[in-house]
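Take a look at the structure set out below.
The values are calculated or read from the model by the stated rules, or taken from the named source; none is laboratory data. Keep in mind that what you see is a predicted model, and the values were worked out from it rather than measured. Backbone-built Cβ (ideal geometry, glycine too); neighbour counts: all protein chains shown. For the accessible areas, the whole protein counts, side chains as well, though only heavy atoms, and no ligand, DNA or RNA atoms are used. Shrake-Rupley method; radii C 1.70, N 1.55, O 1.52, S 1.80 Å.
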Amino acid sequence: MTSFHSTLSRRDFMKSLGVVGAGLGTISAAAPVFHDLDEVTSSAIGINKNPWWVKERDFKNPTVPMDWPKITRNIGTFKTLPRPTVADFENAGVVGGTSTDLETPEMALTLYDAMAKEFPGWTPGYAGMGDVRTTSLCNASKFMMMGVWPGNMEMGGKRVNVQAAIMAAGGSPTFTPWLGPQLDTTTRPQDFGAPVWQGTPEENLKTCRTAIRFFGGSDVAALELDDDILKFIHSQIGGKDVVVEDVDEAYETATKMVIPRKCKWVLMWSARQSLEGTRRQAGITENFAVWYSYSRFPKLGAQLQEFIRGLGYQSLNPGMKGYLTTPLAVFSGMGEHGRMSSPTITPKYGVTNRAMWALITDLPLLPTPPIDFGAYKFCKTCGICADACPFGLIQQGDPTWENPASAKSGIQQGTFEGWRTNTADCPHCPTCQGTCPFNSKPDSFIHAVVKGTVANTPLLNSFFTNMEKAMDYGRKDPEEFWNLDNDFTYGIDTSY
């Protein structure tokens, strides 16, 4: 692969694609065209500094076809596999029963075989996640994952159940409440007779972007919370109804969580995770790259709520189970819908973003439209992730309006023409996320040329898929992680 990168000239590569000469016209078609200064200032192109080939689309018109009238609000309950006991795993010969995620013992054994075939010499270790170093890093990365207060932990020479103590005092199992932490140290300007922050919607979104990136996030986006977008906020969260009311301040009771009608915007942000860690996940569950993102970013959400409150505005946290992540990410231009269904494919980082996060706020924000960089079309001819799934749960073939295999998980049918992963049977194994061709680092001109070409024409998508396989850009041996010359904080290269 080193030879491939160093000996093939730009012109030879362009000639191999057949785009020399005519290619300039194709490439120029991707550049956004502005007719006046108002269009320039109202465009979201510069918010996240996306590559030049990323094009904006009309609001509510993503690359995946939608049937808006068929979409209804969901109560947010999705079926998953029944959780076996530790004894069930031990009786089946599966190690590390307490470390597993959702899989059955049979699935765990299937994953053992799949990992050993993909990475000769790999063993499940004592917990099903690989060697001692990898298992240790995985477990350490889970501390306060999902914003959950710790259970029994060492404090002052005693074992204290922190979560139980907080809940006994009337608190919740997580530190990500609907109304935000509202700490005594976070003051609001209006409480001191000072004016709230006043900025244009563009300035406000950029202000949030600066705060989000300071706290450790990546890209940002925003949506207007109208009746259509509200369909993707669950109608119930934790058994409480989520309703919109004509009130000035948001509130929560024992039976409902209230969104003031003045909270008209959804603020989205992404959470990058280690590319090299993602490509080296192996075992019976997702790995430290995923866990540490889930550990870091609930804290970011709480800090962001405090930041917005400090500006003099409200922000509401539905929690990770309070909304449909992928639709909101796609409609706000964070990325495109792809074959894996659950991860949103982003133009810069592929699927190495751990979810997309959302707050509802009354801080006026510049809505960002859907984008097109060719991912949806590319997925039609790729299918690498579906071929890699050890359980065949990722939908093969062309996009469809329905996928009966996914219906039992509670996923609505007939609402969009795309792919739906059978999440009810998905064990959250470490395989698919590391296979996506869009994960490739932009460390040579070839990657940029390929992505620029994909964004403009699907004619070469099959060729690029085969090239991805031949060049072996996807998953890597987990053992290599410990020998990488990687001095990036959080394992994330922030130079791109």
| Unique match (being part of a strand (DSSP E or B) and among the β-branched types (Val, Ile, Thr)) among Val258, Val247 | Val258
| query | For segment 302-330, how many residues are touching a helix residue (DSSP H, G or I) at 6+ places or on another chain (Cβ under 7 Å) and modelled with pLDDT of 90 or more? | reply | 6
| Is it true that some residue in segment 444-452 is open to solvent by less than 40 Å² (accessible area, probe 1.4 Å), of a type in the set (D, E, K, R), assigned to a helix (DSSP H, G or I) and at pLDDT below 85? | yes
| field | Selection within segment 221-242 - assigned to a strand (DSSP E or B) and within 20 Å of Gln305 (Cα to Cα) | value | Ala221, Ala222, Leu223, Glu224, Ile233, Ile237, Val242
| query | Which of the residues belonging to segment 119-142 are at negative phi and surrounded by fewer than 12 Cβ atoms within 10 Å (Cβ to Cβ)? | reply | Pro120, Val132
| field | Of all residues making up segment 143-194, the number that are assigned to a loop (DSSP other than H, G, I, E, B) and either open to solvent by 60 Å² or more (accessible area, probe 1.4 Å) or among the hydrophobic types (A, V, I, L, M, F, W, C) (or both) | value | 17
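Conditions tested, residue by residue: (1) surrounded by fewer than 24 Cβ atoms within 10 Å (Cβ to Cβ); (2) over 13 Å from the mean Cα position of the chain (by Cα); (3) in a helix (DSSP H, G or I).
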| position | (1), (2), (3) |
| --- | --- |
| Ala289 | no, no, yes |
| Gly310 | yes, yes, yes |
| Tyr313 | yes, yes, no |
| Pro327 | yes, no, yes |
| query | Out of all the residues in segment 344-364, which are surrounded by 24 or more Cβ atoms within 10 Å (Cβ to Cβ), in a loop (DSSP other than H, G, I, E, B) and not hydroxyl-bearing (Ser, Thr, Tyr)? | reply | Val351, Leu363
| field | Residue that is among the polar types (S, T, N, Q), in contact (Cβ under 8 Å) with a residue 60 or more places away in the chain and assigned to a loop (DSSP other than H, G, I, E, B), where the choices are Gln396, Gln412, Gln433 | value | Gln412
| task | Out of Pro260, Pro318, report the one residue that is under 27 Å from Gly199 (Cβ atoms), surrounded by fewer than 21 Cβ atoms within 10 Å (Cβ to Cβ) and either touching a Cys at 6+ places or on another chain (Cβ under 9 Å) or in contact (Cβ under 8 Å) with a residue 24 or more places away in the chain (or both). | result | Pro260
| Of all residues in segment 89-118 being open to solvent by less than 10 Å² (accessible area, probe 1.4 Å) and assigned to a loop (DSSP other than H, G, I, E, B), which is modelled with the lowest pLDDT? | Glu103
| note | Scanning segment 331-376 for residues that are of a type in the set (Asp, Glu) and within 18 Å of Asn204 (Cα to Cα) gives Asp362
| task | State all residues of segment 132-142 that are in a loop (DSSP other than H, G, I, E, B) and over 27 Å from the mean Cα position of the chain (by Cα); if no residue qualifies, say none. | result | none
| message | Please verify whether Lys348 is modelled with pLDDT under 95 and farther than 22 Å from Gly46 by Cα, treating the condition exactly as stated. | response | no
